[in-house]
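Asks: Below: one structure in structure tokens.
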Amino acid sequence: MYLLVKEEDMPRLASVVESDWRELVEREGIDPDELAGDGDGCPACGSAEPLAAGACTDCGLQLE
């Protein structure tokens, strides 16, 4: 699936996606701030591999 977004709409989209993600994680009884970690790895899968084009090379989460 691809989501095409105007560059000027990216901050708003990021806010919506993060909000939805936080709600889903909290619904599972997990503290979203604990998942964010200390920046040493991917917050989704924990991979410490270098990013490729701003995305995690293991799970594909776009981080930049």
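Asks: Mind counting the residues in region 26-64 that are under 12 Å from the mean Cα position of the chain (by Cα) and at pLDDT 85 or above?
Replies: Of the residues in that region, 7 qualify.
Asks: Tell me, yes or no, whether region 7-27 has at least one residue that is part of a loop (DSSP other than H, G, I, E, B) and either in contact with a Phe, Trp or Tyr (Cβ under 6 Å, 6 or more places away or on another chain) or surrounded by 10 or more Cβ atoms within 10 Å (Cβ to Cβ) (or both). Step through it out loud before you land on a result.
Replies: Initially, region 7-27 is screened for residues part of a loop (DSSP other than H, G, I, E, B), giving none.
No, region 7-27 contains no residue that is part of a loop (DSSP other than H, G, I, E, B) and either in contact with a Phe, Trp or Tyr (Cβ under 6 Å, 6 or more places away or on another chain) or surrounded by 10 or more Cβ atoms within 10 Å (Cβ to Cβ) (or both).
Asks: Same structure, new question: What are the residue pairs meeting all of these: first residue in region 1-29, first residue farther than 16 Å from residue 64 by Cα, second residue at pLDDT below 90, Cβ atoms under 7 Å, and 6 or more apart or on different chains?
Replies: 22/32; 25/32; 25/35; 26/32
The values are calculated or read from the model by the stated rules, or taken from the named source; none is laboratory data. These figures come from a predicted structure and were not determined experimentally. All Cβ positions, even for glycine, are placed from backbone atoms using ideal geometry, and neighbour counts span all protein chains on display.
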